[in-house]
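Everything on this sheet refers to the single structure shown next.
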Amino acid sequence: GFLVWLGFHSQAKYVQLSLSPLRAVVYQGSRGRCWTIPSAPKVPWPPIPTMGLPRALSLAALAAPVVVTAATTNKLVYSAGFTSDMVLQRETKSAVYGLVTTTSSSTPVITVSITDSSTGATESVVADTAVEMGGGSMGMCDDMCVESSHFCRGGMSCCGQPSCAQGCVMAHHSTDEAACKAMCDDAMGNCEYTVSLWTFESCGSCPDQGSSCGGVEECYEGCSNTFEQASKTTFAWKALLSPRTAGGDYTVHVAGTTEDGDIITPPSDLERVTFGDLWYCAGQSNMALTTHYSFEEPNVTRAIVEDGKYANIRLMQYGDMDLKYESEAPAYVTTTGGPWFAWDEEESPLGARHEAGYWRNLTYAASWPEAKLSNEEKMRRRNSPHGHLRDLEDDVELNLFHSFAATCFYFAKSLTDEFSAHDQTAPPIGLIATAVGGSQIEAWMPEDSLNECSGTSLNTDGVAPPTKLYNGMVAPFVNMSIKGFLWYQGENNCGGDMGDSVNDIGYACEVPAMLRGWRSAWSSTPNTTSTLAPFGTVSLAAGGSEGHGYNMSLMRWAQTANYGVLPNPAMPNTFMAHAYDLADPWLFNDATAGNNCSVVDERTGAYGPDCADWAPELWNDDLQYITPNVRADTTDVYMGGIHPRLKGPVGHRLAAAAMALVYDGSGIVTGPTLSGCTVASDMGSIEVLFNTTLLAGDSILVQAWDANASNFGTDQADSAGMMVCLGSSDGHLATSQANCADTDQGTSLWQVVPVSPSTSKPDAAVSVDLSGISYENDSDDAVLDTVVALRYGWPMSDSGDGYGCCPFEANTNGLAACIPGSCPLMAAGSLVPANPWYAHLVTDSKRGGLKCECKAPQVCDAWR
């Protein structure tokens, strides 16, 4: 037996001691606990990574002197994304891959074994190591040095970047600090270096070192020189495992030998691995927005922690709102962003909140205590080079669940609920979240895909240059078999060319091109990811235009490759969750708070006297559960209404569509979709027809909605409701229609009109009432005597989009909440909104009269 005494500084968070067959895990948090966990296939609290020494546990206090030694000259590591508790894709071949460095130029032999913990059955696969990565720099040095550059910690040069000596140490070959310093002094000149990896040192001021301070290049120099001196070579390795059904508890072991028979030091086993469906989530800030900023979070946290629900979901965060991994070339195998460094704040750029690229089961992720930070610690972090990246609401560092991408999570949560509703057991669901705030689509595209389109937004000075996030945040996972993709992006492309897919221009070309590139990369190995892996996307919410509201409707159309609906011929096996009717209920945070309509007046303990009555009974049934949270409005806001806090409904809509399209469940894939229209001969009404095939047995719901523009609080009375455009019938139809589409002329030619169920086809059509149209002359005194265009869910002005389905004065003045899902047209059963459209009214050459005509490739010319 052993008697172990562990002394902690009060700030220490956790330490692990492994004594086979016993594991002891001790940590101090807001609810200090201690576990002694016997060795077993399943444990409720997985062990903390062994490198997680707290900074306060100073190595200098140990009796023996600190000597930096190499673990081995031959080493195996997993690529980012491979840790214990991970999910591998079921029912297809799954890859396990990583890097190996050896002192031999001959190809090593790598074997990957996977063992079923319940039966002991083992499969062993010899990995493919045919591709030499070369010199170590591509496989290890660049990755490690870039990751080190994200934070202020020991091992910095006077330049405030990872030092040459730190790179030397990270190469795992040096024998002592003096050897590293000597090598670096010779290589780099007069910069001063520190070596310690485990002590925190503030990045204080240093004398200007001139051009000799090269930042990350110093670290790279130290690392690559060390590799070269050791004559190391780095290879990528990859093994394909046989398909398995959902579930199970497996252990993955990797072993390797050199040509000379020397054993290569293996990485730790991957434990508690299971098989299920793996979804890759990417995009910009509305995908990156965490569950902490969602109205639904308190309800879900209780369900997870207290009721044990959604234990089938596992999470892995790779980057975040402000943390990105760029690469000049596709990093198909990389240690960047993975758990290379330890788990402590100073030893990982992501900190404890993201757990440095570790997979975690949801119960663990949501249960981890959120430690209150000391004033000293808060100031230190906020003053660090990346202090603005920290989630410090209420002075608490958020756990992994509260730091995880909300839309990505709520998709998995709702998908689990959908399986239950269909009397099925949900498989394990693994989520990889890789989203970067402010990023443009071009950064996420492979170079070949980007070259397919003209009119792209090549913003080299933006958050990430073209292809760099694909190289650094997509490529590391394309060898990993997955079920499908979730994509939520577009706000930062709204100022660019929305383009058209027919002529390969702009965003409308880029979305399908990116999807083709992703599918091609992921499916390049046969029998892994499907060549038509499902792709779910989210249309942009009202108010998310980044100042380009006139482009928002065109953006939503471009998100469908101009077909107006998903799936379509350009984007097969895809689905969309509309969010144009899911603006933040308290859109106007400053106004509603100032009027004390979203928060009570502290002086009176009551809401403001002018506030509209709170009426939760007007909310749709599927949203009733969050009305108390919206009323309380205690959920933190991130940068205002551009990041709506209704991420639960977005995830639900994605999951419902995926259940119907991907998992062969009941329900519809998309909302009511325009198929055509017929204008009455007396111009008194328009009958709008919807695609009955896509309705899949559902019907049209016409919700009560005030179409009286005098009650609007928007300029030019623009809205997401049903709008018609007036023109002249004197032979200048084309000119009139061009004027309608010209956002520079404003929306003065457009009028809002009421909608009601069709009397002839109540389940699949609606009637647009034109009797209240006011025909007047335009600003050029031209006679406006006919209707020439029709749009729905298609605002054309900044204010029209910003207010979305809530253009009314009570909303615009900050006196009432915007009720989500309140636009006029929905599917009655599934409560998903109609797909937006814009159509010209043209003469039908065969039948006479007017009918709808949409711009190609969208088709909407059905007749009655």
- Query: In this structure, does D633 turn out to be without any contact (Cβ under 8 Å) to a residue 60 or more places away in the chain and open to solvent by 20 Å² or more (accessible area, probe 1.4 Å)?
  - Reply: yes
- Could you pull out the residue among L398, L362 that is aliphatic (A, V, I, L, M), at pLDDT below 80 and closer than 27 Å to F82 by Cα? L398
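Restricting attention to segment 719-745, report how many residues are assigned to a loop (DSSP other than H, G, I, E, B), farther than 17 Å from L825 by Cα and not small (G, A, S).
Here is the first cut: in segment 719-745, the residues assigned to a loop (DSSP other than H, G, I, E, B) are 719-722, 728-732, 742.
Next, only the ones that are farther than 17 Å from L825 by Cα stay: 728-732, 742.
Applying the additional criterion that residues be not small (G, A, S) yields 730, 732, 742.
Adding up the residues that qualify gives 3.
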- Task: Within segment 206-218, identify whether any single residue is modelled with pLDDT of 60 or more, of a type outside the set (A, V, I, L, M) and open to solvent by less than 60 Å² (accessible area, probe 1.4 Å), and answer yes or no.
- Result: yes
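Residues A579, A542, A583: which one is buried (at least 21 other Cβ atoms within 10 Å of the Cβ) and closer than 23 Å to M514 by Cα?
Values: A542 fails: closer than 23 Å to M514 by Cα; A583 fails: closer than 23 Å to M514 by Cα.
Checking each option against the conditions leaves just A579.
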- Message: Out of the residues in segment 688-701 meeting the condition of being open to solvent by 40 Å² or more (accessible area, probe 1.4 Å) and of a type in the set (A, V, I, L, M), tell me which one is nearest to A828 (Cα to Cα).
- Response: L701
- Task: Go through (1) over 28 Å from G438 (Cα atoms); (2) open to solvent by 20 Å² or more (accessible area, probe 1.4 Å) and name the single condition C597 misses.
- Result: (2)
- Message: If I filter segment 600-618 for residues that are modelled with pLDDT of 90 or more and open to solvent by less than 10 Å² (accessible area, probe 1.4 Å), do I get at least one hit?
- Response: no
- Note on the structure: The residue that is modelled with the lowest pLDDT, considering only those in segment 85-128 that are farther than 20 Å from V273 by Cβ and surrounded by fewer than 21 Cβ atoms within 10 Å (Cβ to Cβ), is S105
- Note: among L431, L469, L515, L486, just one is open to solvent by less than 10 Å² (accessible area, probe 1.4 Å), touching a strand residue (DSSP E or B) at 6+ places or on another chain (Cβ under 6 Å), more than 30 Å from T363 (Cβ to Cβ) and not β-branched (V, I, T), namely L515
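The values are calculated or read from the model by the stated rules, or taken from the named source; none is laboratory data. Only a predicted model underlies this, so the values are computations on that prediction, with no experimental measurement involved. Methodologically, a virtual Cβ is constructed for each residue, glycine included, from the backbone with ideal geometry; neighbour enumeration extends over all protein chains shown. What goes into the accessible areas is simple: the full protein's heavy atoms, side chains included, and nothing from ligands, DNA or RNA. Shrake-Rupley method; radii C 1.70, N 1.55, O 1.52, S 1.80 Å.
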